[in-house]
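In what follows, a structure is listed as structure tokens, so that the remarks can point back to it.
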Amino acid sequence: MSAALSVSALEKRYGSTTALAGVDLEVNEGELVGLLGPNGAGKSTLVKIASGLVRPTRGQAEVCGARAGSLEARRQIGYLAELFRFPGWYSADELLVLHQRLSGSGGGAAERGELLELVGLSDARDRRVEAMSKGMQQRLGIAQALVGTPKLLLLDEPTSALDPVGRRTVRQLLEELQSRGTSVLLNSHLLSEIELVCDRVVILLRGKVVSEGSPAELSRGRGVEIETDEGTRVYDGTREDVPRLVAELVAAGRKVYGVQVLTSTLEDTYLEAVGGETS
């Protein structure tokens with residue numbers, strides 16, 4: 001079975017500027033992959049190549065086995081840009097009708113009703129876009145990206161302008177989509193969001209992948225902090241070493257008052273990977 005998105009040795013140059021310098025990346029069926037990196041790292045270029053909006057200089061990108069940008073690939077993609085704009089005079093239902101026509105979806109009213117229910121906008125079917133909150137528009141944007149039941153969803157900063165409640169709603173929606181087998185490539189600056197919802201994280205810097213793995217894999221151990229009657233000290237080791245370390249200290253006559261296993265966060269790993277680059 002082909003990956004939802006497969007990128008191999010992907011390069012993109014704009015004149016003398018290199019946006020991507022040989023990127024390899026896969027998003028498997030039902031997988032939610034987070035894309036991190038400072039401004040200019042190549043994240044948006046990668047998403048635009050996957051969606052067919054930009055052609056690579058070298059290398060290849062495939063969506064469900066079809067060349068990115070081809071008709072077959074575009075039929076498998078749902079896309080929500082960071083700075084999307086919908087006609088303010090359209091109702092939620094009318095907007096989905098428009099996108100059904102654009103995508104060639106024959107789902108009709110049943111599909112529109114299911115999508116509005118999925119994103120929690122069933123009661124806003126007839127509400128105009130201009131009368132919606134930012135959070136409602138964001139959810140409507142995800143609904144339009146799901147018209148035609150795409151296998152791969154490309155989301156560019158879907159929660160950056162939302163309050164905590166709105167971000168939680170979108171997170172819950174992404175988890176529901178994943179349970180349905182939809183693959184998601186999520187481009188975001190919000191490390192906390194990536195850490196909460198993504199199966200795997202890819203960090204880009206200057207057009208190259210500099211770190212990759214699950215949030216747990218990228219959160220490395222930093223030792224064991226133990227407080228004794230002689231003070232607090234950090235020992236080399238992991239959670240499994242705690243009983244041995246405590247036993248050795250007690251055997252040496254020390255009184256142990258507290259133990260804490262130290263781990264690096266995704267933020268620590270990200271900052272180490274990108275160095276002084278700013279977002």
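No lab work stands behind these numbers, since they all come straight from the coordinates. Because the structure is a prediction, the values reported are computed rather than measured. Here the Cβ is made from the backbone with ideal geometry for all residues, glycine too, and neighbour counts use every protein chain on show.
Quick one: which of 46-52, 85-91, 111-117 comes out on top by average Cβ neighbours within 10 Å, and what's the full order, highest first?
Output ranking for 46-52, 85-91, 111-117: 46-52, 111-117, 85-91.
Work out the FRET efficiency for Glu117 and Arg222 from their Cβ-Cβ distance, taking R0 = 51 Å, and round it to the nearest 0.05.
It comes out at approximately 0.70.
Note the full-extension length gain between Arg125 and Ser192 as 0.36 nm times their separation in residues minus their Cα-Cα distance, in nm to one decimal.
Extra length available between Arg125 and Ser192 comes to 21.0 nm.
Based on Cβ point charges of +1 for Lys and Arg and -1 for Asp and Glu, what charge dipole magnitude is obtained for segment 221-263 about its Cα centre, in debye rounded to the nearest 20? Kindly include the intermediate steps, with their values, before the conclusion.
Numbers: 6 positive and 8 negative charges, 10 e Å.
Dipole of segment 221-263, to the nearest 20 debye: 40 debye.
Tally Lys/Arg at +1 and Asp/Glu at -1 over every other residue whose Cβ is under 11 Å from the Cβ of Glu248; what's the total?
Numbers: positive: Arg244, Arg254; negative: Asp241.
Its environment carries a net charge of +1.
Computed from these coordinates, which is Rg and Dmax of the Cα atoms in Å: (1) 26.0, 94; (2) 22.7, 77; (3) 19.0, 66?
(2)
Among Leu95, Thr17, Leu83, whose Cα projects farthest towards the positive end of the dipole of segment 5-214, with charges put on the beta-carbon of Lys, Arg (+1) and Asp, Glu (-1)?
Highest projection toward the positive end goes to Thr17.
Which is farthest toward the positive dipole end of the chain among Thr228, Leu205, Ala61, measuring Cα position about the Cα centre, with Cβ charges +1 (Lys, Arg) and -1 (Asp, Glu)?
Ala61
Springs between alpha-carbon atoms under 10 Å, Gaussian network over the chain: tell me which of Ser264, Ser214, Ser183 tops the mean-square fluctuations.
Ser264
Who wins for biggest fluctuation among Gly34, Gly42, Gly59 in a Gaussian network model of the chain, springs between alpha carbons below 10 Å?
Gly59
Report the label-to-label distance for Val246 and Ala9 in nanometres (one decimal), using points 7 Å from each Cα along the Cα→Cβ vector.
About 5.4 nm separates the two model spin labels.
Report the charge-dipole magnitude of the chain in Debye, nearest 20, computed about the Cα centre from +1 at each Lys and Arg Cβ and -1 at each Asp and Glu Cβ.
1020 debye
Pull up the cross-link candidates among the aspartates and glutamates for Lys48, meaning alpha carbon to alpha carbon under 14 Å and not fewer than 8 places away within one chain.
Glu11, Glu62, Glu82, Asp156, Glu157
What does the extension gain come out to for Glu82 and Gln260, with contour length at 0.36 nm per residue minus their alpha carbon separation?
Working: separation 178, 0.36 × 178 = 64.08 nm, distance 4.01 nm.
Between Glu82 and Gln260, full extension yields 60.1 nm more.
Based on the Cβ-Cβ distance of Tyr235 and Ser214, what FRET efficiency does E = 1/(1 + (r/R0)^6) give at R0 = 25 Å, to the nearest 0.05?
Working from the Cβ atoms, E equals 0.45.
Provide the percentage of antiparallel DSSP beta bridges, counting only those with both residues in the chain; round to the nearest 5.
65 percent
Connecting C-alpha atoms closer than 10 Å in a GNM of the chain, tell me which of Val261, Val209, Val197 has the biggest fluctuation.
Val261
Using the Cα centre of segment 1-120 as the reference point, and only Cβ charges (+1 on K/R, -1 on D/E), how large is the resulting charge dipole? Debye, rounded to the nearest 20.
Here segment 1-120 has a charge dipole of around 660 debye.
Cβ under 15 Å from Ala68's Cβ, Ala68 left aside: what net charge do those residues give with Lys, Arg +1 and Asp, Glu -1?
Net charge in that neighbourhood comes out at +3.
What is the local net charge at Leu10, summed over the other residues whose Cβ is closer than 13 Å to its Cβ (Lys, Arg +1; Asp, Glu -1)?
On the way: positive: Lys12, Arg13, Lys43, Lys48, Arg55, Arg58, Arg67, Lys208; negative: Glu11, Asp24, Glu26, Glu62.
With Lys, Arg at +1 and Asp, Glu at -1, the net is +4.
Under the rule of -39500 (n - 2.57) per DSSP H run of 4 or more residues, summed and divided by the residues of the chain, what mean residue ellipticity at 222 nm is obtained, to the nearest 500 deg cm²/dmol?
-9500 deg cm²/dmol
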